[in-house]
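The values are calculated or read from the model by the stated rules, or taken from the named source; none is laboratory data. What you are looking at is a predicted structure, and each value in this text was computed from that prediction instead of being measured. Every residue, glycine as well, gets a Cβ built from its backbone with ideal geometry; the counts of neighbours run over all protein chains shown.
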Amino acid sequence: MSTTPAHDSRMEKIVSLCKRRGFIFQSSEIYGGIGGFWDYGPLGAELKRNLRDTWWRAMTRDRDDIVGLDATIIMHPSVWKASGHVDTFADMMRECTLTNKRVRADHVEPQGGSIMRFTGAKAPNATGGWQLDRPITVLMKQGEHIESFRKRVRVLVAQNAGAAAGKPEEIELHGEERTGVVEASVDFHPETGGLLNDARPFNLMLKTFIGPTATEDDVAYLRPETAQAIFAQFKNVCDSSRVKIPFGIGQIGKAFRNEVTPKNFTFRSREFEQMELEFFIRPDEAVRLIHGSVAAWNEGADLSQPKPDWGWELWHRYWLSQRTAYYASIGLGAEDLAYAWQTKEDLAHYARACVDILYKFPFGTDELEGIAARGSFDLTQHQTHSGKQLEYFDEELKTACDAITAEQKEAFIEQSHARRLHPETTKEEITAFCEKLFKGLYVPHVIEPSAGLDRLALAILANAFEEEEVTDEKGKTETRTVLHFHPRVAPVKVGIFPLLKNKPELVAKAREIVAMLRPHMNVFYDETGAIGRRYRRQDEVGTPYGITVDFDTLGEEKPELKGTVTLRERDSMQQTRVPIAEILPFLLGKIL
RNA sequence: GCGGGCGUAACUCAGUUGGUAGAGUGCAACCUUGCCAAGGUUGAUGUCGAGGGUUCGAAUCCCUUCGCCCGCUCCA
């Protein structure tokens with residue numbers, strides 16, 4: 001899916017600017033750095049805070065159907081057993097000794113064939129020559145022709161060696177020897193046939209210990225996602241907040257994953273921040289009982305306002321449109337984004353649908369947010385593992401069911417069985433589920449828009465970055481580096497400059513304006529250097545507006561201009577004369 | 001994890017066969033300076049990623065290690 005340009009100077013420039021101007025630093029840099037961890041400097045901290053605030057506002061404060069949560073990073077280890085993370089994140093893995101391809105130890109199918117061993121390989125014709133000195137052991141499958149086998153091994157060797165070894169046909173294999181025959185061995189990679197090394201635990205969750213003794217009994221995990229805390233606290237939120245389905249719980253917080261390969265600057269980090277919403281909805285069956293039918297999604301459906309007869313599909317589409325509108329509100333428009341729908345085969349077994357919102361990063365188009373329709377899987381898992389009832393009592397559903405006859409209920413069960421998603425679901429399970437529904441009880445289904453804050457910050461930076469050719473009045477062309485941040489997310493909202501710093505009246509007036517604006521926004525005062533240089537400095541950190549106090553502000557020669565300043569706009573570099581009294585309302589209108 | 005490239009000032013980079021580290025930009029102060037990186041003067045900053053070795057002497061050669069980038073792999 002990603003397209004990666006061979007040399008991406010744009011990304012390098014962004015990384016360099018981030019360091020130089022204090023957006024993002026490598027963690028622990030004075031000790032040589034630590035892979036996959038990044039710090040936000042003064043401007044980065046402001047940027048990230050602004051982004052976090054826009055999400056929180058859009059998702060909680062601006063709506064009356066979503067509440068917030070702020071849970072701990074370390075939770076009861078059982079949370080991760082219930083969620084499936086302990087199992088799927090802690091597989092025993094084996095690696096192919098030829099290609100380093102990794103495979104789950106319990107997923108290796110027994111294979112038969114001849115064990116072939118080579119002492120090494122050489123590519124004398126490759127640029128500079130190339131050589132592999134370690135032995136290679138590969139299974140020649142039953143019925144595989146010896147020449148096609150040799151060709152296959154050369155291709156694998158070439159792939160693994162990268163550019164150094166040159167073309168597969170240039171590779172010479174040395175010391176071929178048949179060392180044995182096996183009937184059903186699990187020691188060879190299912191695809192490559194390469195010998196597998198010993199199984200090793202491979203866990204993507206970061207481990208820690210609770211209490212000072214640090215034994216295996218005290219193991220806990222740093223959360224690999226924030227979502228599970230929302231499910232774990234679902235009942236408490238319901239009991240304390242008078243929320244009614246449909247409603248959501250949003251959370252912003254740190255998560256940790258032991259990524260194999262952190263890469264692309266902050267894009268894949270081991271410590272990162274997520275902004276997640278779990279939006280709880282009725283199962284489609286409950287909607288059908290209440291409204292008689294479930295509204296179907298079609299292209300062009302009106303998604304502006306939720307409707308009571310929406311099922312999971314419309315809710316899923318609704319959140320996709322809401323999230324797209326959110327990105328537009330902070331400067332990421334349709335032309336910057338892309339969407340990737342997971343195919344049925346890619347989906348986890350419990351998921352109904354999942355769409356990723358991607359941003360066109362300089363290093364490739366990659367994920368910013370995933371919106372998944374997860375059914376009732378998570379809450380059901382926690383209900384099973386904790387033994388606590390996580391069903392929701394739906395007054396409206398109970399009322400609707402009380403009004404229908406026993407025959408209608410019987411027909412509904414039949415109908416639900418006919419519509420079941422998984423063929424293996426039994427009639428008994430469907431009946432039990434429906435009987436609960438008739439009492440107004442169900443485990444809510446969930447739509448999960450899950451976004452990466454650090455990825456968003458990187459996208460915003462990449463999207464804002466531009467090196468612009470500017471020609472001045474004298475016809476001199478030069479490069480202007482500018483970050484076109486949307487004013488809402490810009491770390492500094494306005495720069496305030498006295499035209500000259502050795503004129504006390506100008507400095508005093510500029511300080512007055514700083515004092516006026518500071519309670520409302522992040523402002524930056526600068527009096528050093530020529531005015532043009534100060535503008536450019538602010539362009540480079542994305543400050544959308546500049547205000548210059550000059551002699552007209554003091555009314556020295558043109559009394560009619562007294563009390564006005566120059567307002568300079570970053571993107572157009574246009575200047576306008578505005579009264580001081582209008583500055584604050586103007587800026588507030590742009591940044592809120 | 002594998003292969004390749006790289007690591008010298010805040011940034012971009014130069015540094016010869018091993019001889020004790022530089023440029024441009026930026027930064028700071030002052031003078032000049034009336035709206036888009038202006039001019040001048042002065043100034044500060046490096047354990048040459050880290051550790052070890054060879055050597056009279058290492059940024060330079062060797063080993064180890066850490067980090068970054070690219071490709072492969074991995075990515076509930």
Go through A:T213, A:T208, A:T192 for me and flag whichever is of a type in the set (S, T, Y), over 29 Å from A:E278 (Cβ atoms) and either part of a strand (DSSP E or B) or without any contact (Cβ under 8 Å) to a residue 60 or more places away in the chain (or both). A:T213
Of the residues that make up region A:362-369, is at least one touching a Cys at 6+ places or on another chain (Cβ under 9 Å), within 16 Å of RNA strand B (Cβ to nearest atom), modelled with pLDDT under 95 and small (G, A, S)? no
Can A:F497 be described as of a type in the set (F, W, Y), outside any strand (DSSP E or B) and either touching a Leu at 6+ places or on another chain (Cβ under 8 Å) or surrounded by 12 or more Cβ atoms within 10 Å (Cβ to Cβ) (or both)? no
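Pick out, from region A:109-173, the strands (runs of 3 or more DSSP E) lying fully within it that include 2 or more residues that are within 16 Å of RNA strand B (Cβ to nearest atom) and modelled with pLDDT of 75 or more.
Numbers: elements: A:111-118, A:120-123, A:130-132, A:136-141.
Where strands (runs of 3 or more DSSP E) fall fully within region A:109-173 and carry at least 2 residues being within 16 Å of RNA strand B (Cβ to nearest atom) and modelled with pLDDT of 75 or more, they are A:136-141.
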Counted residues in region A:78-108 being crowded, with 16+ Cβ neighbours inside 10 Å and at pLDDT 85 or above come to 4
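Hey, does region A:574-587 have a residue that's within 9 Å of RNA strand B (Cβ to nearest atom) and either under 17 Å from A:E512 (Cβ atoms) or buried (at least 16 other Cβ atoms within 10 Å of the Cβ) (or both)?
Within region A:574-587, not a single residue is within 9 Å of RNA strand B (Cβ to nearest atom) and either under 17 Å from A:E512 (Cβ atoms) or buried (at least 16 other Cβ atoms within 10 Å of the Cβ) (or both).
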Which is among the acidic types (D, E) and more than 10 Å from RNA strand B (Cβ to nearest atom), of A:E469, A:E478? A:E469
For region A:541-553, pairs from a residue that is in contact (Cβ under 8 Å) with a residue 60 or more places away in the chain to a residue that is in a loop (DSSP other than H, G, I, E, B) and within 10 Å of RNA strand B (Cβ to nearest atom), with Cβ under 6 Å and 6 or more apart or across chains, are A:V541/A:R21
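Take A:T384 and decide whether it is more than 21 Å from A:G248 (Cβ to Cβ) and not in a helix (DSSP H, G or I).
Values: more than 21 Å from A:G248 (Cβ to Cβ): yes; not in a helix (DSSP H, G or I): no.
The answer is no for A:T384.
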Being hydrophobic (A, V, I, L, M, F, W, C), under 23 Å from A:F23 (Cα atoms) and modelled with pLDDT of 90 or more is true for just one of A:A510, A:A490, A:A515. Which residue is that? A:A490
Identity of the residue in region A:538-573, near RNA strand B (Cβ under 8 Å from one of its atoms) and of a type in the set (A, V, I, L, M, F, W, C), that ends up farthest from A:P487 (Cα to Cα): A:F551
Would you check which residues across region A:561-592 are more than 35 Å from the chain's Cα centre (by Cα) and either among the acidic types (D, E) or assigned to a loop (DSSP other than H, G, I, E, B) (or both) and list them? A:K562, A:G563, A:Q574, A:E582
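Let's see how each residue does on (1) of a type outside the set (D, E, K, R); (2) surrounded by fewer than 22 Cβ atoms within 10 Å (Cβ to Cβ):
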| residue | (1), (2) |
| --- | --- |
| A:N197 | yes, yes |
| A:E216 | no, yes |
| A:I245 | yes, yes |
| A:G248 | yes, no |
| A:S269 | yes, no |
| A:Q274 | yes, yes |
| A:I281 | yes, no |
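Could you grab me the full set of residues in region A:513-537 that are in a helix (DSSP H, G or I), more than 9 Å from RNA strand B (Cβ to nearest atom) and touching a residue at least 24 places away in the same chain (Cβ under 8 Å)? Step through it out loud before you land on a result.
Keep residues of region A:513-537 that are in a helix (DSSP H, G or I), which gives A:513-517, A:531-537.
Subsequent filtering for residues that are more than 9 Å from RNA strand B (Cβ to nearest atom) retains A:513-517.
Across region A:513-537, the qualifying residues are A:I513, A:M516, A:L517.
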Identify, by number, the condition in (1) crowded, with 22+ Cβ neighbours inside 10 Å; (2) modelled with pLDDT under 95 that A:N298 doesn't meet. (1)
